[in-house]
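Just below is one structure, and these are the notes that go with it.
The values are calculated or read from the model by the stated rules, or taken from the named source; none is laboratory data. Note that this is a predicted model, so its numbers are computed, not measured. Cβ coordinates were reconstructed from backbone atoms using ideal geometry, including for glycine residues, and neighbour counts include every protein chain displayed.
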Number of protein chains: 2
Amino acid sequence: MENFRLQIPTDIRFGKDRLEELPDAIAPFGKKILLTYGGGSIKQSGLYDRVLSLLNERDFTVVELSGIAPNPKIDSVRQGAALIRQHELDVILAVGGGSVIDASKVIAAAAFYDGDAWDLVLDSSKVGKALPIVDILTLAATGTEMNRGAVISNPETNEKLGTGGWELIPRVSFLDPTLTYTVPRWQTAAGAADILSHLFEQYFNRTEGVDLQDNIAEGLMKTVFKHGPIALQTPDDYTARANLLWASTLALNGLVERGRQGGWTCHAIEHELSAFYDITHGIGLAILTPRWMKHCLDTDASTHAKFAAYGRNVWGINGDNDEDVARQAVERTYQFFKEDMAIPMTLPEVGIVSKELVSRMSELAVHHGDLSGNVFVPLSVQDVESIIEASFAPMTAF
Amino acid sequence: MENFRLQIPTDIRFGKDRLEELPDAIAPFGKKILLTYGGGSIKQSGLYDRVLSLLNERDFTVVELSGIAPNPKIDSVRQGAALIRQHELDVILAVGGGSVIDASKVIAAAAFYDGDAWDLVLDSSKVGKALPIVDILTLAATGTEMNRGAVISNPETNEKLGTGGWELIPRVSFLDPTLTYTVPRWQTAAGAADILSHLFEQYFNRTEGVDLQDNIAEGLMKTVFKHGPIALQTPDDYTARANLLWASTLALNGLVERGRQGGWTCHAIEHELSAFYDITHGIGLAILTPRWMKHCLDTDASTHAKFAAYGRNVWGINGDNDEDVARQAVERTYQFFKEDMAIPMTLPEVGIVSKELVSRMSELAVHHGDLSGNVFVPLSVQDVESIIEASFAPMTAF
């Protein structure tokens, strides 16, 4: 186990019927709020009216930034930072999913940064002081509600990159499973895939002696494998939504990651798909992940034991032969996404029909994600190309 | 899953060779330190000299409170609070195991409390403002290094009671696995038993829909069952010590408990044993726990399923019959303590040879622990008596 530092001061308010705590939760940070949100879903659900009504009962000033898109764009960040300066705002209230919170994090830092906000994405060391953030999460997926990371896209340059800073950790996060009842099937499935991918990225790792972290990761995977399909079938199943929501938070708040070293893989490849084609992040991850798993098994026998542990401990697959168990586990993972979560498991099904950008995306993934370096299985540009190529047709061998 | 609030701001500094960070970690809280510790072990190990040397390189003022005993006594708390007032100290640096940190927590609050410190133990609502606490943990056991609880004993009244408050959560905790290399076998075993008991107390619970929390609990149990015996056999095995140390922290920082409701059982009974006989807390828990488990299985068939889940998921026991799997799991638990951890598993072996206080301790356990109320299996005074009585002889049936 490697040395680590962990400090996550986020005040988690988990559960239903507690939004009346919101004004008291915001008040310590100031009176003048930037309210950030996405499209119309929080207006359709009534959440927008509820939040404004709660804030209007007290003497808060609210300035709005709406229209923050999935794969949030740097232009939204620039707009938010300008509003904070113009109105001298004190605190950001982010209402929405991971995209709204990620954009709000970089807005919070950009308000104190003199240059262009994109600099903060290109170089996280430029992230310094930031406005405090309170959020109301409406989607179980990214884990941003209890960590310091953010991912922002720049459509002009076809870049989708991660940044972060200690000041960006949300101060208070409201996690109400009932607010996720209205999440569409597609987004519920994509969110579950995102959670699982976060766990895979951390779990398939070479650091020795991290049984504790691996055991927690396996426990969170089992939680998602059980409750993801229930949430898809019965959107208002409180227990399923609660387990998914809390799993999304714990999957990426440091519990699974701290004590390890080593980078991620599938996220880096998916970020290129999203940067060029703006596909749903979690769906891209679901498509890529089993192909990446098979690539690991096919090219590096030293990975068989860890994939076998995943198969035995998470899927309960019996058998003494590591490779057999491992390949069964990959097949289960693929079938989970395809059958249980109804995810279209090929790129053409999500609108990527041409292979003309495969080489370019592969080069950029290796470059941005440092995939030839310290990851579970280092990948060349050709390796990434083969993983993306394999994602154009259904998987038939595992 | 029940609603919950979780906020754990403790800054964890985990790993070896990082104690030079100590002065910078304390500095934000002030210059005048109350250094608290126990007997001579930190002097024998050299840790005391190292800490003082680091502090003396900077202009800290250090006042010492030594002699904090296992099952820490209220007199130490009173002494510490008096020192803080007398010298107008800013911050407590606790160096030791759970007892030193628990005493320091109540000292931190007592310094701001006008009445007798024992009031704060009898009534946690009287715990208000407190001095900040930084700690260097030397024993994997209680989890106090990342939570708001503390347990204090009063030998005059034979009481050992828990208290707590949000202000008591340590600000910075140094967790260095190498500092636990010199922990004796007895204390290593007791610490592992304490961690497991914390997990059992939370896991054997009636709240529905907490798969996530149960999965994390099972993962932490597996961690202790694997690494406890390694640490006993090879005291300087870094991986084993690291896994035990981090497991002790995560077992009781809210991750497993939040989202549930319902009280604890074995701790309440053990607190009476310690209050009257001053035995080692973790050893008392190891002795009582399998008897309590058997009592649950014998008297309440509705518990079979949860104990069977424990057997299957933690011990990998196969079988379709819940009761069979459950009883095998109890036997495994007993044998783990007895064989793998070399714990003497009867009360006479730890010096409790007379049964004269069994009734009195049972009455007090039910009273102090509210054991007839909302616990996994409610216990009458007679039930507790039978569990303690059964602890006088080796277990032969499970």
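Is it true that some residue in region B:45-57 is within 30 Å of A:Leu250 (Cβ to Cβ) and either more than 12 Å from chain A (Cβ to nearest Cβ) or touching a helix residue (DSSP H, G or I) at 6+ places or on another chain (Cβ under 7 Å) (or both)?
Step one: of region B:45-57, the residues within 30 Å of A:Leu250 (Cβ to Cβ) are none.
No, there is no match, as no residue in region B:45-57 is within 30 Å of A:Leu250 (Cβ to Cβ) and either more than 12 Å from chain A (Cβ to nearest Cβ) or touching a helix residue (DSSP H, G or I) at 6+ places or on another chain (Cβ under 7 Å) (or both).
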- Message: Quick test for you: out of B:Ser354, B:Ser359, B:Ser380, pick the one residue that is in contact (Cβ under 8 Å) with a residue 24 or more places away in the chain and hydroxyl-bearing (Ser, Thr, Tyr).
- Response: B:Ser359
- Here are some residues: B:Glu208, B:Glu156. Which one is within 14 Å of another protein chain (Cβ to nearest Cβ), among the charged types (D, E, K, R) and over 23 Å from A:Gly259 (Cβ atoms)? B:Glu208
- Tally of residues being surrounded by fewer than 21 Cβ atoms within 10 Å (Cβ to Cβ) and part of a helix (DSSP H, G or I) across region A:178-191: 3
- Query: Can you name every residue in region B:148-161 that is under 23 Å from B:Leu252 (Cα atoms) and without any contact (Cβ under 8 Å) to a residue 60 or more places away in the chain?
  - Reply: B:Arg148, B:Ala150
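Quick check: anything in region A:238-257 aromatic (Phe, Trp, Tyr), at the interface with another protein chain (Cβ under 9 Å from one of its Cβ atoms) and within 14 Å of the chain's Cα centre (by Cα)? Give the derivation first.
Step one: of region A:238-257, the residues aromatic (Phe, Trp, Tyr) are A:238, A:246.
Adding the requirement that they be at the interface with another protein chain (Cβ under 9 Å from one of its Cβ atoms) leaves A:238, A:246.
Applying the additional criterion that residues be within 14 Å of the chain's Cα centre (by Cα) yields A:246.
Yes, that holds for at least one residue.
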- A:Ile152, sole failed condition from (1) out of contact with any His (no Cβ under 9 Å at 6 or more places or on another chain); (2) in the same structural domain as A:Arg291 (by TED's automatic domain parsing); (3) crowded, with 24+ Cβ neighbours inside 10 Å: (2)
- Item | Verdict on B:Val183 being of a type outside the set (Phe, Trp, Tyr) and more than 9 Å from chain A (Cβ to nearest Cβ) | yes
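Could you please find all residues in region B:279-324 being of a type outside the set (Val, Ile, Thr) and surrounded by fewer than 17 Cβ atoms within 10 Å (Cβ to Cβ)? If you could, list the steps in order and put the result at the bottom.
Here is the first cut: in region B:279-324, the residues of a type outside the set (Val, Ile, Thr) are B:281-282, B:284-286, B:288, B:290-298, B:300-302, B:304-313, B:315-316, B:318-324.
Once the filter is applied, which keeps residues that are of a type outside the set (Val, Ile, Thr) and surrounded by fewer than 17 Cβ atoms within 10 Å (Cβ to Cβ), region B:279-324 yields B:Asp298, B:Asp300, B:Ala301, B:Ser302, B:Ala305, B:Gly316, B:Asn318, B:Gly319, B:Asp320, B:Asn321, B:Glu323, B:Asp324.
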- Query: If you scan region B:138-179, which residues turn out to be of a type in the set (A, V, I, L, M) and in contact with a Gly (Cβ under 7 Å, 6 or more places away or on another chain)?
  - Reply: B:Leu139, B:Ala140, B:Ala141, B:Ala150, B:Val151
- Task: Name the one entry in A:Thr138, A:Thr144 that is touching a residue at least 12 places away in the same chain (Cβ under 8 Å), closer than 23 Å to A:Arg260 by Cα and crowded, with 24+ Cβ neighbours inside 10 Å.
- Result: A:Thr144
- Quick count over region A:192-211, residues being touching a residue at least 40 places away in the same chain (Cβ under 8 Å), over 14 Å from the mean Cα position of the chain (by Cα) and part of a helix (DSSP H, G or I), is 1
- Single condition B:Ile26 does not satisfy, out of (1) in contact with a Ser or Thr (Cβ under 9 Å, 6 or more places away or on another chain); (2) modelled with pLDDT of 95 or more: (1)
- Message: Give me the helices (runs of 4 or more DSSP H) completely within region A:215-312, filtered to those with at least 1 residues that are within 19 Å of B:Lys222 (Cβ to Cβ), ordered by residue number.
- Response: A:238-250
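Here is a yes/no grid of residues against (1) farther than 16 Å from A:Ile33 by Cβ; (2) of a type in the set (Gly, Ala, Ser); (3) surrounded by 18 or more Cβ atoms within 10 Å (Cβ to Cβ):
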site	(1), (2), (3)
A:Tyr48	no, no, yes
A:Leu52	no, no, no
A:Asp59	no, no, no
A:Leu65	no, no, yes
A:Pro70	yes, no, yes
A:Ala81	no, yes, yes
A:Glu88	no, no, no
A:Ile92	no, no, yes
A:Ser99	yes, yes, yes
- Task: Please tell me if B:Gln382 is polar (S, T, N, Q), in the same structural domain as B:Thr223 (by TED's automatic domain parsing), modelled with pLDDT of 95 or more and within 17 Å of B:Leu285 (Cα to Cα).
- Result: no
- Message: I need every pair where a residue in region B:1-20 that is within 7 Å of another protein chain (Cβ to nearest Cβ) and closer than 12 Å to B:Gly254 by Cβ has its Cβ under 6 Å from the Cβ of a residue that is of a type in the set (D, E, K, R) and surrounded by 15 or more Cβ atoms within 10 Å (Cβ to Cβ), sequence separation at least 6 or different chains.
- Response: B:Phe4/B:Arg258; B:Arg5/A:Arg13; B:Leu6/B:Arg258; B:Gln7/A:Asp11
- Item | Filtered residue count, region B:46-85, keeping only those that are farther than 30 Å from B:Asn158 by Cβ, without any contact (Cβ under 8 Å) to a residue 40 or more places away in the chain and not basic (Lys, Arg) | 13
- Within region B:155-183, can you find the residues that are under 17 Å from the mean Cα position of the chain (by Cα), of a type outside the set (A, V, I, L, M, F, W, C) and modelled with pLDDT of 95 or more? B:Thr163, B:Gly164, B:Gly165, B:Pro170, B:Ser173, B:Thr180
- Message: Here is a check on your reading of the model: is A:Ala268 more than 14 Å from chain B (Cβ to nearest Cβ) and either crowded, with 24+ Cβ neighbours inside 10 Å or under 26 Å from A:Asp300 (Cα atoms) (or both)?
- Response: yes
